[in-house]
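Step one of this worksheet: look at the structure below.
The values are calculated or read from the model by the stated rules, or taken from the named source; none is laboratory data. No experiment lies behind these values; they were computed from the predicted model shown. FYI the Cβ positions are ideal-geometry reconstructions off the backbone, even for glycines, and counts take in every protein chain you see. Accessible surface is based on the protein model in full, side chains and every heavy atom, while ligands, DNA and RNA are left aside. Shrake-Rupley method; radii C 1.70, N 1.55, O 1.52, S 1.80 Å.
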Amino acid sequence: MQELIVICGPTASGKTAVAVELCLAIGGEVISADSMQVYRGMDIGTAKPTAAEMHGVPHHMLGVAPPDEPCSAALYRERATEAIEAVNARGNVPVVCGGTGLYIDALTRPMGFFARGDSGVRGPLEAAAAEPGGKERLHATLREIDPESAARLHVNDVRRVVRALEVYRLTGRTLTQQRALDRARDGAYRGRLFGLSWPREVLYRRIDRRVDQMMADGLADEVRRLLDAGLAEGTTAMQGIGYKEIARALAGECGLDEAVERVKQATRNYAKRQLTWFRRDERVVWIEAEGRSARDISREILARKENP
RNA sequence: GCCUUGGUAGCUCAGCUGGUAGAGCAGUAGACUGAAAAUCUACGUGUCGGUGGUUCAACUCCGCCCCAAGGCA
C-alpha cells in the first residue's frame, strides 16, 4: 500500500510553506486537505496558497468545487484519489497538506461514508428534532435500533443522531454495523502524518496577525463578491470562518472591526479543535515549528520519514 | 467641591427582606464516518473596591476612604 506523506496541524501553523519546500526537495505535488479551500472564489479567507507561495509546485484540490453546493468528505476522497493517482502517473510524489482531519482520515483510513445525505430523509428527522422533546425522542429511537451509537452520542448532538438514523433508513444497516464492516477493510493509503506544533499563545498571536493580513488583502471585498454572485448565507461555504462574520458586518448587523475580532476568536477556537483532533491521532509525529524555517522543518520531516 | 450611578470570575454582567455567590463569553480538556472552518460534551474559590461599625452572621445594612462614568458648580 502506498505511503502518503501528510503535513497537518492547526490553522496558521505554516503547513503550506513546509509542503512546498518538501515538494521542491523530492519532486512532489501538493494535495490540499482543506474543507474550505476546495471552494472556488474563496481564496483570501481560506488562506489558499498564492501562485507566488507555490513556487511552481503544482497544487491540487484547490477551488475545485462551486461554493453553492456543499462538498463532503466522501466527495473529497474521490477527487483527491484521482489527483493522487495522476501525480503518481507523472512519476511525482503526492504530498497531502491540510488541516481538515476528517478529510485526511478519508484518504488514510478505512471509512465507508455509507449512504449519501438525503434531504428527503434528513429533513423530516431534523424537523422532528426541533420540536419540544424531539431530541430526546430521536435519541430514544436510535437507542432501540442501534444502542451502541446511542450510547456514544450525546442527546444534544442532534446532527450525529440524525445522521445515524438516516444511515439506518437509507442502508438498512446501523452505523455500528457499517463501522464494523470498515474495520475489516484497508484504507486507500497508509498515512505518514507530520504535525506542526507551536506554543499555544504564539499560535494564537499568529492567527490574529494573519486575520489582520487577510483584511488588508481584501477579505471584505472577496466576501462581497461571493454575496453579489448570489451565494446565500447559511450555505456550507458561507459557514467558513471569516465569511459568515464579515457577511454579517456587510449586512449592517455589526461594525467591521467587531466582525474582525469575531473572526480572530473563531479561528482560535477552531485551531484548538484541530489540535484535539490531531492529538488523539497516534500516527502524528509532532515537529516543533517555532523559530524555524520551512526548509529546515521539511528536512526534519524527510529524515524522520526515513528513520521512524 | 457637591450630587448621581457604578466598582462581584480574564471580560460583560446577574444576585442576596442579611445565612460567605452564578450566567454568557473567554480559557482548558474531550468527542467527531457523505454538513467537519460544521456540530456536540465536560470543567466555575472569586481579597463580591478598601476600611471601620451594627449583627450570632455582612457581598448584602450604616459611616468614612479610594477608583470610574455622568451631571451641577
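Observations
- In this entry, A:ARG143 passes the filter for residues that are among the charged types (D, E, K, R), farther than 23 Å from A:LEU75 by Cβ, away from RNA strand B (no atom under 11 Å from the Cβ) and not in a loop (DSSP other than H, G, I, E, B).
- Qualifying residue in region A:264-283 (condition: at pLDDT below 95, open to solvent by less than 80 Å² (accessible area, probe 1.4 Å) and of a type in the set (A, V, I, L, M, F, W, C)): no
- Considering region A:31-79, the residues that are part of a helix (DSSP H, G or I) and among the acidic types (Asp, Glu) include one that is farthest from RNA strand B (Cβ to nearest atom), namely A:GLU53.
- Which listed residue, of A:GLY91, A:GLY28, is more than 10 Å from RNA strand B (Cβ to nearest atom) and open to solvent by 20 Å² or more (accessible area, probe 1.4 Å): A:GLY91
- Restricting attention to region A:100-113 and to residues that are within 6 Å of RNA strand B (Cβ to nearest atom) and over 22 Å from A:ALA12 (Cα atoms), the residue that is farthest from the chain's Cα centre (by Cα) turns out to be A:GLY112.
- Scanning region A:15-25 for residues that are buried (at least 20 other Cβ atoms within 10 Å of the Cβ) and touching a Leu at 6+ places or on another chain (Cβ under 9 Å) turns up A:LYS15, A:VAL18, A:LEU22.
- Remark: pairs (first residue in region A:260-287, more than 12 Å from A:GLY9 (Cβ to Cβ); second residue in a helix (DSSP H, G or I) and open to solvent by 20 Å² or more (accessible area, probe 1.4 Å); Cβ separation under 7 Å; 6+ apart in sequence or on different chains) = A:VAL260/A:MET215; A:LYS264/A:ASP208; A:ARG268/A:TYR204.
- Among residues of region A:123-148 that are touching a residue at least 40 places away in the same chain (Cβ under 8 Å), those with a Cβ under 7 angstrom from a residue that is assigned to a helix (DSSP H, G or I), sequence gap 6+ or separate chain, pair up as A:LEU125/A:LEU138; A:LEU125/A:VAL162; A:LEU125/A:LEU165; A:LEU125/A:GLU166.
- A single member of A:MET36, A:MET42, A:MET61 is of a type outside the set (Val, Ile, Thr) and open to solvent by 30 Å² or more (accessible area, probe 1.4 Å), and it is A:MET36.
- Any chance A:ARG209 is open to solvent by 40 Å² or more (accessible area, probe 1.4 Å), touching a residue at least 12 places away in the same chain (Cβ under 8 Å) and under 26 Å from the mean Cα position of the chain (by Cα): no
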